[in-house]
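What follows is one structure encoded as structure tokens, with my remarks underneath.
All of the numbers you see were taken from the coordinates with simple rules; none came from a lab. Computed from a predicted structure; not experimentally measured. Methodologically, a virtual Cβ is constructed for each residue, glycine included, from the backbone with ideal geometry; neighbour enumeration extends over all protein chains shown.
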Amino acid sequence: MEDSIAEVLKKNQLSVTESRRKILELFLQQDTALAHHDIEVKAQEKFDRVTVYRTLQTFLEKGIIHTIPTPDNSIKYALCRDNCEEGHHHDDHVHFICTSCGITTCLEEVHVPDIKLPKGYKTMQTEVVVSGICRACS
Ligand SMILES: [Zn+2]
Ligand SMILES: [Zn+2]
Ligand SMILES: [Zn+2]
């Protein structure tokens, strides 16, 4: 765990700080998405809101984590597994929200379909969020 944290930070040319280490650890510890609130709660004993916010912004810019839209407009974050790089994400997978346990998962193997738009419209990004019952709950 320590090794992979140091490795990810090094690969992205980020110096190792306490907050980066701790927050990255939270992401590496689980394979479901984390809500901004969860991260704040888990990191709060050590870091203030601003530090948590800045750390998340840095990870987003570096292509370490990506955001997931939710129906209630709260932000969720998940670790990037595709080859995301600084300023450019390739997370073209579907996200699944379980209405029973509330967990959000990256469905890495399910790609977002191409959506045909009328003439004159240009797609910049397509987000697909599917809600339903997850494997653990069904
Ligand atoms: Zn990404
Ligand atoms: Zn569930
Ligand atoms: Zn994802």
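Averaging over all projection directions, the Cα-based convex hull of the stretch 41-110 occupies 5.6 nm² in the image plane.
Computed extension length for residue 100-residue 119: 2.9 nm, one decimal, from 0.36 nm per residue of separation with the Cα-Cα distance subtracted. A cut-off of 5 Å between modelled amide H atoms, ignoring neighbours fewer than 5 places along the same chain, links residue 131 with 97.
Can you sort 124, 1 by how many other beta carbons sit within 10 Å, fewest first? Ascending number of Cβ neighbours within 10 Å: 124, 1.
The ellipsoid equivalent to the alpha-carbon distribution of the stretch 81-138 has semi-axes of 26, 16, 9 angstrom, derived from the gyration tensor eigenvalues as √(5λ) and listed largest first.
Taking Cβ atoms as reference points and 15 Å as the exclusive limit, the residues near residue 107 contribute a net charge of -4, counting Lys and Arg as +1 and Asp and Glu as -1.
Working note: Karplus 6.51/-1.76/1.60 with θ = phi - 60° gives the stretch 69-74 the couplings x, 10, x, 9, 6, 8 Hz, where Gly and Pro are set to x. The amide H of residue 35, built 1.01 Å from its N in the peptide plane, has 77 as neighbours under 5 Å, considering only residues 5 or more places off or on other chains. In the stretch 12-27, whose amide N lies under 14 Å from the spot 7 Å out along Cα-to-Cβ of residue 6? List them in ranges. Flagged as within label range: 15-17, 21. For the chain, the Kirkwood radius over C-alpha pairs fed into Stokes-Einstein at 20 °C and 1.002 mPa s yields D = 133 µm² per second.
Each residue in 37, 66 was given a count of other beta-carbon atoms within 10 angstrom of its own, and listing them fewest first yields 37, 66. Each helix, a run of at least 4 DSSP H residues, gives -39500 (n - 2.57); summed and divided by the residues of the chain, these come to -9500 deg cm²/dmol at 222 nm.
Separation of the stretch 100-132 from the stretch 5-40 is 25 Å, based on Cα centroids.
Using the beta-carbon distance between residue 135 and residue 81 and R0 = 25 Å, what value does 1/(1 + (r/R0)^6) give for FRET efficiency, to the nearest 0.05?
Plugging the Cβ-Cβ distance into 1/(1 + (r/R0)^6) gives 0.85.
Dipole size of the chain about its Cα centre, with +1 on Lys/Arg Cβ and -1 on Asp/Glu Cβ: approximately 280 debye, rounded to the nearest 20. By the count of other C-beta atoms within 10 Å, a proxy for reagent exposure, 116, 22, 46 are ordered fewest to most as 116, 46, 22.
Within the straight-line cut-off of under 15 Å between alpha carbons, the aspartates and glutamates reachable from residue 42 are 18, 25, sequence neighbours fewer than 8 places apart in one chain being disregarded.
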